[in-house]
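See structure below.
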């Protein structure tokens, strides 16, 4: 069970080298680099509407809103505690009116979310099927890492439903689930780009960005991807530009 609000210990953190201030729970799921790379990969233009599915405390939504100052971002988050923290983070960073995170379940979405109304949809779904691993002891962390009632197929279906025709849907996911993700996109979307995030050295990619377009049937493309770390463990200049300066990532 989640702790009651009064018992949740929170921390004050920053993203994009201090440009974004973020309040998040000390225990459970903690924001790392995944939502930053997800936001960087969304090709939002001025005036575009973007939906963040599984918005958490708003990290990806805030990073995208900071990079593209004229887009509108909406988020949906099933955990009430996280959605409330997201609302506070939006106000704290001065994005009220442009960014909003609402409480909702993608299997039973709020009526305010009209199908086919977003230019872009982005998502960082749970990485593992429910029966693939022992759930972490913290309920919030378990929800972030293991699929619950909503499977990967449900995430893909919802994202496609919310996107406009020719709009994009973008996921960050584990590389070892690439086959499953591409299988769910097959015959539903096209112009798919698979973009690996390489740790560095000879290690295989553990994360991939996958972007597709609704009702566009161009072939799938495997991109060269991005190397994250130098041999000494430091981030590469290209990774630093995204993580610290908030630059966009061209897939």
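Does region 69-78 include one or more residues that are over 18 Å from the mean Cα position of the chain (by Cα), assigned to a strand (DSSP E or B) and either more than 16 Å from residue 15 (Cβ to Cβ) or at pLDDT below 95 (or both)? Looking through region 69-78, none of the residues is over 18 Å from the mean Cα position of the chain (by Cα), assigned to a strand (DSSP E or B) and either more than 16 Å from residue 15 (Cβ to Cβ) or at pLDDT below 95 (or both).
Just one of the listed residues (83, 59) is free of Cβ contacts under 8 Å to residues at least 60 places away in the same chain, surrounded by 15 or more Cβ atoms within 10 Å (Cβ to Cβ), over 24 Å from residue 209 (Cβ atoms) and in contact with a strand residue (DSSP E or B) (Cβ under 8 Å, 6 or more places away or on another chain), namely 83. Looking only at residues in region 98-112 that are out of contact with any strand residue (DSSP E or B) (no Cβ under 9 Å at 6 or more places or on another chain) and not in a strand (DSSP E or B), which one is modelled with the highest pLDDT? Only one residue fits best here, namely 107. For the residues 31, 42, the requirement of being assigned to a loop (DSSP other than H, G, I, E, B), on the phi < 0 side of the Ramachandran plot, in contact with a strand residue (DSSP E or B) (Cβ under 9 Å, 6 or more places away or on another chain) and surrounded by fewer than 24 Cβ atoms within 10 Å (Cβ to Cβ) singles out 31. Does residue 13 count as closer than 26 Å to residue 194 by Cα, surrounded by fewer than 23 Cβ atoms within 10 Å (Cβ to Cβ) and in contact with a strand residue (DSSP E or B) (Cβ under 6 Å, 6 or more places away or on another chain)? For residue 13, the condition - closer than 26 Å to residue 194 by Cα, surrounded by fewer than 23 Cβ atoms within 10 Å (Cβ to Cβ) and in contact with a strand residue (DSSP E or B) (Cβ under 6 Å, 6 or more places away or on another chain) - is not met. State yes or no: is residue 54 surrounded by fewer than 24 Cβ atoms within 10 Å (Cβ to Cβ) and on the phi > 0 side of the Ramachandran plot? Here the answer is yes, as residue 54 does meet what is asked.
The values are calculated or read from the model by the stated rules, or taken from the named source; none is laboratory data. This is a predicted model, so every value here is computed, not measured. Every residue, glycine as well, gets a Cβ built from its backbone with ideal geometry; the counts of neighbours run over all protein chains shown.
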